[in-house]
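K.L.:
One structure follows; several queries about it will come next.
The values are calculated or read from the model by the stated rules, or taken from the named source; none is laboratory data. Worth saying up front: this structure is predicted, and the values here are computed from it rather than measured. Counting neighbours? That spans all protein chains shown, and the Cβs are built from the backbone with ideal geometry, glycine included. Please note that ligands, DNA and RNA were not included when accessible areas were found on the heavy atoms of the full protein model with its side chains. Shrake-Rupley method; radii C 1.70, N 1.55, O 1.52, S 1.80 Å.
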Amino acid sequence: MASPGSADLVIVANRLPVDRVEEPDGAPGWRRSPGGLVSALEPVLRANDGVWIGWPGGTEQDLEPFQDDGMSLVPMTMTAAEIEEFYEGFSNATLWPLYHDVVAKPEFHREWWDAYVTVNRRFADKAAEVAAENATVWVHDYQLQLVPAMLRELRPDLRIGFYLHIPFPPAELFQQLPWRRQLLEGLLGADLVGFQLNGAAQNFIRLVRQRVGHKTHRDLVYLPDGRTVRAAAFPISIDAASYETLARSEEVGQRAKEIREAVGNPRKIFLGVDRLDYTKGIYARLRAFGELIADGEFDVSDAVFVQVATPSREQVEQYRILRDDIDRLVGRINGDLGRIGQPAIHYLHSSYPREEMAAFFRAADIMVVTPLRDGMNLIAKEYVACRYEDDGALVLSEFAGAADELRQAWLINPYDINGMKLALREAYAADEREVTKRMKAMRKTVLQHDVSAWAESFLGELASVRPSHGKTVRPAKRS
Ligand code: F6P
């Protein structure tokens, strides 16, 4: 067993909450990393006084553990080849599309897998080094699915949780993976494996039974060594109260007014906010909006679309293709349908701080969230949290995890452009009473089930001791 460190709670995620960047004057600095995982986990780390192990982006090799804004961060290194093969390759060109309903074709390369194993081992070694005796280690997301088993081997004293932020696919898709068994066994190193939705947990249990051959009962897996692993749903959320406070602030209110003025004070502002990712359904959503203008349903002085697309994974080919496609589509819609000083779509390829995002959410009458597949989609919840006056409409894909909780949204199938057009028209025309009724109900859900409730329920379940199951179970079969 490796000798213990001193941290009682260790969060292990591919990315640190801050990215290493070069400031305009050339000096190195830090910037908040994109994505829902960081926004969800940051408050958890602060509340529990833990340590976060992750990659700060880039290839810098000699970064020491440091404190940032009250958080203890342990940076992991990655070589240029590992970024290409582990991060861009296996994580984001194999697992990402495979786990998102193969909306893009996953690529399988043996050298990418080798890099995945190497980097996962490095993270497991580091977690083994910093965790105190009997500490809790919480491993996150698809980039690190081998870490639980690797870590358990080094440190059997630890309590290990794993949480998958993205969907977990049905067996029919997962079994395409040449390394399916190794990934399942990696996850089974955890005591508790958390998913966004019940269906994902069931997919996992079924795969463990079929592909690894372990005995399962409901949400439990009985391992031959006596350990029990539980797989269950813990729908993730946001720090809703802090978003509401931000939205209520004078500065944000003022900035929201400025945004409305800057886009010409139309009757209604539609808003999309996404990482620029092909799973988010940005293309179809903008097409639907463009068609509504072309059909004469909306006029550009009455309705504008603001699309914020945060740059993401720009070295991965599918993301480059998507960026070009969206650039072309926005250009065509604005060229065909815009007027001077009145484009139909305001397209911003950029990331913004939380305050500016809260101002966008305050300014927008209709939030449009239309992923083809999404683990949860925290943007939808952030919008709801910011609408403290119970106004604002949410158009939401049925295929986002958030649709399970936000039933009062205008739910759409993102593959059905006509259905999406209808929902956009309905949300545009809905009377105030209807909008308020729906938003009130959604706000109740989001404010009650916030990120601290999520973390408490996961960590509480992880802490509950599960004695040896005492059953005689057959050894796992090979497949
Ligand atoms: O959960 C989705 C996720 O991949 C997170 O793991 C990640 O932090 C976020 O999206 C942003 O992606 P990336 O780290 O590849 O920029």
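K.L.:
Hey, can you tell me all the residues within segment 125-151 that are out of contact with any strand residue (DSSP E or B) (no Cβ under 8 Å at 6 or more places or on another chain) and more than 15 Å from the ligand (Cβ to nearest atom)?
P.N.:
Within segment 125-151, D125, A128, E129, E133, L146, A149, M150 qualify.
K.L.:
Any residue at all in segment 179-198 that is within 16 Å of the ligand (Cβ to nearest atom), in contact (Cβ under 8 Å) with a residue 40 or more places away in the chain, part of a loop (DSSP other than H, G, I, E, B) and under 23 Å from W113 (Cα atoms)?
P.N.:
Checking segment 179-198: not a single residue is within 16 Å of the ligand (Cβ to nearest atom), in contact (Cβ under 8 Å) with a residue 40 or more places away in the chain, part of a loop (DSSP other than H, G, I, E, B) and under 23 Å from W113 (Cα atoms).
K.L.:
If Q61 passes every condition in (1) open to solvent by 10 Å² or more (accessible area, probe 1.4 Å); (2) at pLDDT 95 or above; (3) not acidic (D, E) but one, which one does it miss?
P.N.:
Condition (2) is where Q61 drops out.
K.L.:
Taking segment 13-57 on its own, how many of its residues are open to solvent by 40 Å² or more (accessible area, probe 1.4 Å), touching a helix residue (DSSP H, G or I) at 6+ places or on another chain (Cβ under 9 Å) and within 16 Å of the ligand (Cβ to nearest atom)?
P.N.:
Of the residues in that region, 2 qualify.
K.L.:
In segment 418-431, what count of residues is obtained for those that are charged (D, E, K, R) and surrounded by 18 or more Cβ atoms within 10 Å (Cβ to Cβ)?
P.N.:
Qualifying residue count, segment 418-431: 1.
K.L.:
Determine which single condition V137 fails, assuming it passes every other condition in (1) among the β-branched types (V, I, T); (2) within 21 Å of I166 (Cβ to Cβ); (3) assigned to a helix (DSSP H, G or I).
P.N.:
(3)
K.L.:
Another question, if that's okay. Name every residue in segment 268-285 that is surrounded by fewer than 24 Cβ atoms within 10 Å (Cβ to Cβ) and without any contact (Cβ under 8 Å) to a residue 60 or more places away in the chain, in order of residue number.
P.N.:
Y283
K.L.:
Say we look at segment 252-266 and pick out the residues that are assigned to a helix (DSSP H, G or I), open to solvent by 50 Å² or more (accessible area, probe 1.4 Å) and of a type outside the set (K, R); which of these is farthest from D299 (Cα to Cα)?
P.N.:
By that ranking, first place goes to Q254.
K.L.:
Which count do you get for residues in segment 307-350 that are under 17 Å from G35 (Cβ atoms), surrounded by fewer than 20 Cβ atoms within 10 Å (Cβ to Cβ) and among the small types (G, A, S)?
P.N.:
Number satisfying all stated conditions: 2.
K.L.:
Next question. Say whether the condition of being among the charged types (D, E, K, R), at pLDDT 95 or above and touching a Lys or Arg at 6+ places or on another chain (Cβ under 9 Å) is met by at least one residue in segment 104-114.
P.N.:
Within segment 104-114, none of the residues are among the charged types (D, E, K, R), at pLDDT 95 or above and touching a Lys or Arg at 6+ places or on another chain (Cβ under 9 Å).
K.L.:
What are the pairs with Cβ atoms under 8 angstrom where one residue, in segment 399-417, is open to solvent by 10 Å² or more (accessible area, probe 1.4 Å) and the other, located anywhere, is part of a loop (DSSP other than H, G, I, E, B) and of a type in the set (S, T, N, Q)? Sequence gap at least six, or different chains.
P.N.:
F399/N413
K.L.:
I'm trying to understand the selection: among the residues of segment 126-142, which are in contact (Cβ under 8 Å) with a residue 60 or more places away in the chain and touching a helix residue (DSSP H, G or I) at 6+ places or on another chain (Cβ under 7 Å)?
P.N.:
A127, A128, T136, V137, V139, H140, D141
K.L.:
Considering T445, T472, T436, which residue is within 26 Å of D239 (Cα to Cα) and either out of contact with any helix residue (DSSP H, G or I) (no Cβ under 9 Å at 6 or more places or on another chain) or open to solvent by 50 Å² or more (accessible area, probe 1.4 Å) (or both)?
P.N.:
Going through T445, T472, T436 in turn, just one is within 26 Å of D239 (Cα to Cα) and either out of contact with any helix residue (DSSP H, G or I) (no Cβ under 9 Å at 6 or more places or on another chain) or open to solvent by 50 Å² or more (accessible area, probe 1.4 Å) (or both): T436.
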